[in-house]
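As structure tokens, the structure follows; a few thoughts come after it.
The values are calculated or read from the model by the stated rules, or taken from the named source; none is laboratory data. The model shown is predicted, which means the values in this text are computed figures rather than measured ones. Note that we place each Cβ from the backbone using ideal geometry, even for glycine, and neighbour counts take in every protein chain shown. Note: accessible area is taken over every heavy atom of the protein model, side chains too, but ligands, DNA and RNA are not part of it. Shrake-Rupley method; radii C 1.70, N 1.55, O 1.52, S 1.80 Å.
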There are 2 protein chains.
Amino acid sequence: MSILVVGTVALDSVETPFGAAHRLLGGSATYIALAASYFWADVRLVAVVGRDFPAAYRQVLQRAGIDLEGLRLNEEEDTFAWGGRYHYDLNDRDTLYTHLNALASFDPVLPATYRNSQIICLGNLDPRLQQRVLDQVSSPAFVICDTMNYWIEHTPEALHAVLRRVDCLVVNDAEARQLAAEPNLIRAARKIQTMGPRIVIIKKGEHGALLFFEEAIFSAPAYPLEDVFDPTGAGDTFAGAMAGFLATQRRFDEAALRQAVVYGSALASFVVERFGPERLLALTPEEIAQRVAALRQLTAFPECDLRPLLVQSGLNHAT
Amino acid sequence: MSILVVGTVALDSVETPFGAAHRLLGGSATYIALAASYFWADVRLVAVVGRDFPAAYRQVLQRAGIDLEGLRLNEEEDTFAWGGRYHYDLNDRDTLYTHLNALASFDPVLPATYRNSQIICLGNLDPRLQQRVLDQVSSPAFVICDTMNYWIEHTPEALHAVLRRVDCLVVNDAEARQLAAEPNLIRAARKIQTMGPRIVIIKKGEHGALLFFEEAIFSAPAYPLEDVFDPTGAGDTFAGAMAGFLATQRRFDEAALRQAVVYGSALASFVVERFGPERLLALTPEEIAQRVAALRQLTAFPECDLRPLLVQSGLNHAT
């Protein structure tokens with residue numbers, strides 16, 4: 001299995017109630033690829049950076065074993081830069097600026113060696129570019145797609161054209177409600193499934209994630225964190241870990257997807273503990289396994305069948 | 001085990017995007033007692049109603065086997081009446097009116113036969129009245145308490161005095177953040193535990209519930225509902241089902257509390273399917289067992305230890 005990641009590589013500046021950090025290595029493709037590279041060696045990156053992209057950041061990606069043949073350098077522009085400020089409760093954020101720079105003219109042309117990629121991760125990006133990527137891969141086995149409110153509002157037709165070619169859409173709860181024009185999350189997911197993706201995953205931040213796999217529903221808890229420093233990249237880390245996990249399993253059935261969501265939640269819970277991708281660069285297999293075990297324990301409850309008691313005592317009001 | 005329920009018995013008028021219903025049987029004590037009575041026969045009610053309280057509603061409570069010796073009738077006043085309107089997404093509501101009526105002069109004097117009650121459910125009510133009730137029970141085994149933003153803001157001292165005498169506080173997420181003055185839910189719960197209750201349960205509506213039992217945390221999913229008609233009473237139903245379940249177990253350890261939260265979630269998921277307590281009056285033991293089984297299946301995922309793979313392949317970046 002090979003994993004192809006397309007999206008942004010960015011320089012992020014983030015302000016939170018706990019501090020600020022400037023020109024961090026960021027972008028959807030960065031977090032997706034770093035997270036996927038924890039699980040699987042063959043991760044290929046398609047993105048663009050500008051003349052100001054630090055060599056040290058390129059080395060971070062290289063050391064993670066990510067194939068950078070598809071990382072284009074635009075020497076006439078700066079790197080895509082994003083600035084954001086998180087509110088007091090870290091659930092909302094304001095975008096302070098978005099300088100597209102090299103991203104404005106980005107045309108994702110795949111190196112020839114990338115065209116046989118099997119797991120395709122379409123990070124948050126203009127859906128017309130996501131389509132361009134799908135047009136160039138010969139026989140994808142599984143397509144995962146992220147998007148955001150901007151594309152839902154401004155390029156609905158292009159987005160819907162992409163959705164028809166996607167196996168698994170990963171969005172947050174606000175995006176799901178907006179895309180489906182439906183306040184009830186369960187109905188929203190069901191409606192999105194009729195748009196193309198047979199699998200819909202809704203990320204709910206501190207409330208965990210919901211997986212809709214055909215008829216089935218899986219609810220993953222969020223790992224309880226007392227200290228969230230920087231939520232940036234959590235959603236992309238989630239999707240990247242999922243992709244990496246699925247590559248190890250070589251199957252995309254319900255059981256594998258349930259596990260993938262748990263591994264996604266686990267890695268997302270690490271990345272928010274520090275600014276930028278820092279925490280993601282130094283995880284051990286033991287730490288990951290411990291967090292997955294903690295997520296299992298978090299929802300465990302003993303078996304207890306009260307039916308004999310309720311029937312015997314005649315307490316059930318209906319009978 | 002005997003269960004004592006104190007709170008309001010009300011006439012509720014509810015508007016939702018799906019319709020409206022007027023002068024429904026409502027109130028915190030009503031929902032708590034009806035839910036508890038599904039699990040346990042000895043449920044005792046302390047509340048007040050007025051001269052306009054319909055005989056048919058009294059019969060509903062009687063048929064559920066609830067002890068009404070402590071239900072006082074104030075013939076000079078009408079019954080406490082509440083009117084509310086739910087917004088489009090059912091997560092927010094506006095209170096249209098609150099007519100205290102008989103509740104304004106309510107003094108919860110316990111019948112002598114109630115004083116030996118073991119599980120005490122303090123439904124949402126003026127904390128000074130909750131205290132009055134605790135002062136009259138001789139040796140409670142387990143005290144469950146609900147409250148709301150109004151008491152957190154207007155009677156903080158009385159509320160804190162009650163909290164010091166409570167085993168288990170059940171609140172929603174907004175109330176937990178407000179009571180603890182802390183946006184992070186995990187920190188908020190930990191802070192509330194220092195105020196008295198060693199057990200804190202945070203209800204998160206469509207996102208499920210969190211149980212904080214001493215050091216441990218349990219995360220219960222919400223049952224996925226495509227049609228929520230009326231969220232009124234869901235929180236009280238949750239608490240009442242918990243109390244009833246715990247009575248059947250005769251213990252209050254972590255395992256029993258985890259199960260109690262699941263039964264609470266199950267019954268709460270039924271009550272919102274219809275206006276008022278209607279759905280709560282006709283449940284079968286089989287329906288309850290099926291919903292508990294569905295909640296278990298909702299969070300199940302297969303075991304999968306990736307450590308050997310990650311260590312072998314050297315993919316872990318930290319080593």
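So the values come out like this:
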{"read-out": "Residue match in region B:3-24 (condition: within 14 Å of chain A (Cβ to nearest Cβ) and charged (D, E, K, R))", "value": "no"}
{"read-out": "Cross-chain or 6+ apart pairs with Cβ under 8 Å, region B:138-150 first and under 12 Å from B:Met1 (Cα atoms), then among the small types (Gly, Ala, Ser) and open to solvent by less than 20 Å² (accessible area, probe 1.4 Å)", "value": "B:Pro140/B:Ser117"}
{"read-out": "Test: residue in region B:220-241 that is open to solvent by less than 20 Å² (accessible area, probe 1.4 Å), facing chain A (nearest Cβ under 9 Å) and touching an Asp or Glu at 6+ places or on another chain (Cβ under 9 Å)", "value": "no"}
{"read-out": "Residues located in region B:105-130, provided they are over 20 Å from B:Val162 (Cβ atoms) and open to solvent by 30 Å² or more (accessible area, probe 1.4 Å)", "value": "B:Ser105, B:Ala112, B:Thr113, B:Asn116"}
{"read-out": "Selection within region B:214-225 - within 15 Å of the chain's Cα centre (by Cα) and either of a type in the set (Phe, Trp, Tyr) or outside any loop (DSSP other than H, G, I, E, B) (or both)", "value": "B:Ala220"}
{"read-out": "For A:Ala174: the one exception among (1) more than 9 Å from chain B (Cβ to nearest Cβ); (2) open to solvent by 30 Å² or more (accessible area, probe 1.4 Å); (3) farther than 29 Å from A:Phe18 by Cβ", "value": "(3)"}
{"read-out": "Leading residue by the ranking (nearest to A:Ala222 (Cα to Cα)) among those in region B:177-189 that are over 18 Å from the mean Cα position of the chain (by Cα), surrounded by fewer than 23 Cβ atoms within 10 Å (Cβ to Cβ) and of a type outside the set (S, T, N, Q)", "value": "B:Ile186"}
{"read-out": "Residue list for region B:79-109, restricted to those being among the acidic types (Asp, Glu) and at pLDDT 95 or above", "value": "B:Asp107"}
{"read-out": "Of all residues making up region B:270-298, the number that are in contact with a Lys or Arg (Cβ under 6 Å, 6 or more places away or on another chain) and away from chain A (no Cβ under 12 Å)", "value": "2"}
{"read-out": "Yes/no for B:Leu159 being within 17 Å of B:Gly7 (Cα to Cα) and under 18 Å from the mean Cα position of the chain (by Cα)", "value": "yes"}
{"read-out": "Tabulated pairs, region A:95-116, first touching a residue at least 60 places away in the same chain (Cβ under 8 Å) and within 8 Å of A:Trp82 (Cα to Cα), second in a strand (DSSP E or B) and charged (D, E, K, R), C-beta under 7 angstrom, 6+ apart or interchain", "value": "A:Leu96/A:Arg85"}
{"read-out": "Qualifying residue in region A:160-167 (condition: open to solvent by 10 Å² or more (accessible area, probe 1.4 Å) and among the small types (Gly, Ala, Ser))", "value": "yes"}
{"read-out": "B:Leu211, sole failed condition from (1) of a type in the set (A, V, I, L, M, F, W, C); (2) open to solvent by less than 10 Å² (accessible area, probe 1.4 Å); (3) over 15 Å from the mean Cα position of the chain (by Cα); (4) closer than 21 Å to B:Cys145 by Cβ", "value": "(3)"}
{"read-out": "The listed residue being among the aromatic types (Phe, Trp, Tyr) and at pLDDT 95 or above, out of A:Phe229, A:Phe238, A:Phe275", "value": "A:Phe238"}
{"read-out": "Failed item, numbered, when B:Phe142 is tested on (1) under 30 Å from B:Lys191 (Cα atoms); (2) in contact with a His (Cβ under 7 Å, 6 or more places away or on another chain)", "value": "(2)"}
{"read-out": "Filter result (within 9 Å of chain A (Cβ to nearest Cβ) and either surrounded by fewer than 17 Cβ atoms within 10 Å (Cβ to Cβ) or in a helix (DSSP H, G or I) (or both)) within region B:190-208", "value": "B:Arg190, B:Glu206, B:His207"}
{"read-out": "Residue match in region A:22-36 (condition: among the polar types (S, T, N, Q) and free of Cβ contacts under 8 Å to residues at least 12 places away in the same chain)", "value": "no"}
{"read-out": "Selected residue (only one of A:Ala29, A:Ala33 is under 29 Å from A:Phe245 (Cα atoms), aliphatic (A, V, I, L, M) and within 14 Å of chain B (Cβ to nearest Cβ))", "value": "A:Ala33"}
{"read-out": "Filter result for A:Val311 (open to solvent by less than 10 Å² (accessible area, probe 1.4 Å) and facing chain B (nearest Cβ under 8 Å))", "value": "no"}
{"read-out": "Boolean, A:Pro183 is facing another protein chain (nearest Cβ under 10 Å) and assigned to a loop (DSSP other than H, G, I, E, B)", "value": "yes"}
{"read-out": "Residue in region B:258-265 that is among the basic types (Lys, Arg), touching a residue at least 12 places away in the same chain (Cβ under 8 Å) and touching a Pro at 6+ places or on another chain (Cβ under 8 Å) present", "value": "yes"}
{"read-out": "Hits in region A:247-261 (condition: touching a Leu at 6+ places or on another chain (Cβ under 8 Å) and part of a helix (DSSP H, G or I))", "value": "A:Thr248, A:Ala256, A:Leu257, A:Arg258, A:Ala260, A:Val261"}
{"read-out": "Of all residues making up region A:59-83, the number that are within 14 Å of chain B (Cβ to nearest Cβ), assigned to a loop (DSSP other than H, G, I, E, B) and of a type in the set (Val, Ile, Thr)", "value": "1"}
{"read-out": "Of all residues making up region B:84-104, the number that are assigned to a helix (DSSP H, G or I) and open to solvent by less than 70 Å² (accessible area, probe 1.4 Å)", "value": "3"}
{"read-out": "Among (1) open to solvent by 30 Å² or more (accessible area, probe 1.4 Å); (2) more than 13 Å from chain A (Cβ to nearest Cβ); (3) at pLDDT below 95, the one test that B:Phe252 misses", "value": "(3)"}
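Each row is one residue, and each column tells you yes or no for (1) surrounded by 17 or more Cβ atoms within 10 Å (Cβ to Cβ); (2) under 28 Å from A:Gly244 (Cα atoms); (3) touching a helix residue (DSSP H, G or I) at 6+ places or on another chain (Cβ under 6 Å).
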residue: A:Arg63; (1), (2), (3): no, yes, no
residue: A:Asp67; (1), (2), (3): yes, yes, no
residue: A:Leu71; (1), (2), (3): yes, yes, no
residue: A:Glu76; (1), (2), (3): no, no, no
